[in-house]
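Working notes for the structure below.
The values are calculated or read from the model by the stated rules, or taken from the named source; none is laboratory data. Since this is a predicted model, take the numbers as computed values, not measurements. Because the Cβ atoms are built from the backbone with ideal geometry, glycine has one as well, and the counts that use them run over all protein chains shown.
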Amino acid sequence: MPQLLLELFSEEIPARMQANAARDLERMARERLAAEGLLPEALKTFAGPRRLTLVAEGLPAAQADRHEEVKGPRTSAPEQALDGFLRKNGLTRDQLVEKDGVFFAHLHRPGRQTAEIVAEMVEQVVRAFPWPKSMISGTSKLRWVRPLKRILCVFDREVVPLNIEGILSGDLTEGHRFMGSKQPFRARDFDEYQDGLARNFVVLDAEERKERIMDAARTLCFARNFELVEDEGLLDEVAGLAEWPVPVMGDMDPVFLELPPEVIRTSMRVHQRYFAVRDPNTGFLVPHFITVANIQAKDGGETIALGNAKVLSARLSDARFFWTEDQKTKLADRLEKLKGVTFHAKLGTLYERVERIAALAGELAPYVRDDDGTKAKAIEAARLAKADLGSGMVGEFPELQGVMGGYYADKERLDPEIADAIRQHYKPQGPSDAVPVQSVAATVALADKLDTLVSFFAIGEKPTGSRDPYALRRAALGVIRILLQTRTRLPLRRFCSEELIAFFADRLTVLLREQGQRHDLVAAVFALGDDDLVRIVSRVEALAGFLGSDDGKNLLAGYKRAVNILKAEEKKGPLPSGEPVDMAGAPAEESGLVARIGHVEIEVGKALEREDFEAAMRELSRLREPVDAFFDKVLVNSEVAAERDNRLRLLVKVRDAMGRVADFSQVTG
């Protein structure tokens with residue numbers, strides 16, 4: 001079947017926008033084709049430094065005829081409504097049929113040629129493309145990320161006619177800016193297109209570009225007994241900067257290795273887009289780097305390497321100056337400078353924030369580790385944790401905040417636990433980031449994140465939908481991960497509002513759902529009012545195991561049946577109070593449940609007291625058989641009032657015993 005090939009060729013597209021642009025192009029094209037009843041057998045998009053490409057396989061040559069019944073206004077509707085319906089659909093009154101007091105029209109829409117639909121689709125996509133930032137070039141009214149130069153649009157090997165702001169479609173494209181042919185080349189299907197690009201030094205697929213970069217970079221390192229410091233984010237970026245990526249190894253002055261490795265790597269990564277290189281035996285950096293050129297140089301990249309080394313030296317010379325100068329001022333002496341830095345208009349200065357974090361660290365420390373040494377160190381570390389924000393190095397490399405404070409603390413010969421806490425207090429900064437587990441570091445990290453959450457919730461700056469400018473979701477997840485990994489039993493209600501606790505519940509639900517737990521089980525446990533996340537997770541895990549068993553599933557069904565009966569009876573009046581008794585002449589199934597519930601209630605209480613939630617679930621499972629037998633053989637709504645009241649009291653007892661473990665009414669399964 002026919003193939004569609006589309007290329008939107010422009011000036012350089014920022015690397016960070018390319019992946020999303022490819023996804024947006026696929027989504028928009030698929031949606032618009034589907035709306036016209038055109039479903040390709042396969043659709044794929046590509047993005048690179050100067051082009052967005054789409055190829056759709058298996059499209060029909062023409063759209064099928066469509067027959068549809070369209071519902072119109074009611075027969076009693078005003079004439080204006082009927083006239084509007086007729087105009088909208090191009091109909092006359094005699095084409096309508098009446099059915100059950102409503103007008104209907106049977107429309108026949110002859111299918112159009114696919115090329116005609118593609119032309120409309122491409123123009124809609126181009127004009128509505130959701131670039132994060134775009135520009136208007138010259139006298140054109142078209143907004144695009146960079147000036148759009150050329151549109152290649154071919155369907156079934158024929159050009160699809162288009163004219164978007166004076167840019168005419170065709171079947172021509174061009175290769176590499178420097179190494180490719182000076183003349184455009186023709187491509188009427190994807191094979192011709194991809195082969196032509198390859199001949200003209202363009203690697204179309206971003207994944208192939210990344211593979212080439214990694215293979216060549218590793219080979220360069222291996223040849224000199226070095227090892228590449230791999231960086232997935234940097235790889236994504238450099239693959240978006242070069243159409244024909246060629247890794248080149250460069251040298252730097254070994255004197256710069258005196259700098260902290262994070263400084264060297266950050267300077268390489270952020271300013272120059274270089275990969276660092278290390279000794280595989282020691283793990284230490286070596287005085288070399290890998291840069292990715294966009295050209296196959298005749299001298300093997302020697303000139304490129306020298307030029308890049310010169311630029312890197314200038315950057316690292318600046319870093320070396322900051323490193324030396326910063327050590328002349330102690331961290332404690334930098335705190336005064338924070339009084340003049342506003343953290344937030346409604347939350348005061350950075351100095352005031354530091355004071356809050358230090359006080360909070362003192363309150364949190366006993367929960368993390370209850371000893372005076374941890375508390376004193378946590379308070380001192382919290383007071384110094386933000387001091388490096390006034391340093392020259394962090395001013396140049398904001399990414400190194402905290403890290404540099406740890407180095408400066410080491411240089412001052414502060415307690416290693418304090419230095420480590422300063423270094424790690426921003427962690428974890430993402431789902432794959434390590435969690436600080438040493439007691440002082442964990443305390444300061446908790447204090448930093450809790451202050452952020454409490455403060456911004458207090459002034460009404462809460463996340464809404466996809467908007468979270470202060471990264472509060474990340475902060476909450478960080479608190480949760482620290483508490484769980486360090487097994488810290490923190491009563492959140494002492495520090496947080498109910499609204500913030502609900503926010504933690506939502507974040508914990510997301511975390512556990514990613515680990516395979518059901519969201520309704522988290523709700524069932526949170527409903528008990530517990531605010532100890534360690535205990536909550538233990539309960540959820542035990543509950544999941546219990547409900548995964550036959551006993552758990554059947555007991556849940558019995559619980560819901562009991563609750564439904566009790567709800568129905570409550571509508572008639574208050575439920576009978578008191579303890580259920582083993583009444584004379586009662587059915588064996590009733591007597592058996594009375595005996596069993598009393599024993600289970602005691603044992604569940606003991607298990608909960610020692611926080612053995614699996615044991616509590618095992619005790620509940622002992623109710624499964626007597627509850628099943630009770631509902632099978634006993635009529636709850638007996639005509640004898642005493643029997644009815646006793647049986648209702650018994651169901652209340654079952655409900656309440658289970659309710660001590662979790663709110664089973666929240667369980668959906």
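Remarks
- Yes/no for Asp83 being in a helix (DSSP H, G or I), of a type outside the set (Gly, Ala, Ser) and exposed (fewer than 12 other Cβ atoms within 10 Å of the Cβ): no
- Residue match in segment 118-130 (condition: in contact (Cβ under 8 Å) with a residue 24 or more places away in the chain, out of contact with any helix residue (DSSP H, G or I) (no Cβ under 8 Å at 6 or more places or on another chain) and assigned to a loop (DSSP other than H, G, I, E, B)): no
- Residue within segment 637-645 that is among the aliphatic types (A, V, I, L, M) and either modelled with pLDDT of 95 or more or buried (at least 17 other Cβ atoms within 10 Å of the Cβ) (or both) present: no
- Conditions (1) among the small types (Gly, Ala, Ser); (2) surrounded by 14 or more Cβ atoms within 10 Å (Cβ to Cβ); (3) in contact with a Lys or Arg (Cβ under 7 Å, 6 or more places away or on another chain): number failed by Ser140: (3)
- Single match in Gly406, Gly395 (criterion: more than 22 Å from the chain's Cα centre (by Cα) and buried (at least 16 other Cβ atoms within 10 Å of the Cβ)): Gly406
- Qualifying residues in segment 451-506 (those that are outside any helix (DSSP H, G or I) and of a type in the set (Lys, Arg)) - the one nearest to Leu347 (Cα to Cα): Lys462
- Residues (closer than 22 Å to Leu528 by Cβ and of a type in the set (Ser, Thr, Tyr)) located in segment 465-498: Thr488, Ser497
- In segment 507-539, the residues that are part of a helix (DSSP H, G or I) and within 15 Å of Glu611 (Cβ to Cβ): Val525, Leu533, Val534, Arg535, Ile536, Val537, Ser538, Arg539
- Close pairs from segment 590-615: first under 24 Å from Asp532 (Cβ atoms), partner in a loop (DSSP other than H, G, I, E, B), Cβ under 7 Å, at least 6 apart: Val604/Arg660; Val604/Val661; Leu608/Arg660
- Close pairs from segment 370-388: first under 25 Å from Thr324 (Cβ atoms), partner of a type in the set (S, T, N, Q) and not in a loop (DSSP other than H, G, I, E, B), Cβ under 9 Å, at least 6 apart: Ala381/Thr443
- Every condition in (1) in contact (Cβ under 8 Å) with a residue 12 or more places away in the chain; (2) in a loop (DSSP other than H, G, I, E, B); (3) surrounded by fewer than 20 Cβ atoms within 10 Å (Cβ to Cβ) holds for Arg334 except the one numbered (2).
- Among (1) under 25 Å from Gln401 (Cα atoms); (2) free of Cβ contacts under 8 Å to residues at least 24 places away in the same chain, the one test that Glu262 misses: (2)
- Some residue of segment 280-299 being surrounded by 19 or more Cβ atoms within 10 Å (Cβ to Cβ), in a helix (DSSP H, G or I), at pLDDT 95 or above and outside the structural domain of Ser391 (by TED's automatic domain parsing): no
- Residue in segment 428-440 that is buried (at least 24 other Cβ atoms within 10 Å of the Cβ) and closer than 25 Å to Leu512 by Cβ present: yes
- Residues that are out of contact with any helix residue (DSSP H, G or I) (no Cβ under 7 Å at 6 or more places or on another chain) and part of a helix (DSSP H, G or I) were ranked within segment 546-559; the one that is nearest to Gly430 (Cα to Cα) is Asp550.
- Any hit, segment 304-314, residues being part of a loop (DSSP other than H, G, I, E, B) and in contact with a strand residue (DSSP E or B) (Cβ under 8 Å, 6 or more places away or on another chain): no
- Residues that are crowded, with 18+ Cβ neighbours inside 10 Å and either out of contact with any His (no Cβ under 6 Å at 6 or more places or on another chain) or of a type in the set (Gly, Ala, Ser) (or both) within segment 485-510 comprise Thr486, Thr488, Leu490, Leu492, Phe495, Cys496, Leu500, Phe503, Phe504, Ala505, Arg507, Leu508, listed in sequence order.
- Single match in Gly90, Gly111, Gly138, Gly72 (criterion: more than 22 Å from Leu4 (Cβ to Cβ), out of contact with any Leu (no Cβ under 6 Å at 6 or more places or on another chain), in contact (Cβ under 8 Å) with a residue 24 or more places away in the chain and among the small types (Gly, Ala, Ser)): Gly72
- Against the conditions (1) touching a Lys or Arg at 6+ places or on another chain (Cβ under 8 Å); (2) modelled with pLDDT under 95, Glu417 satisfies every one except (2).
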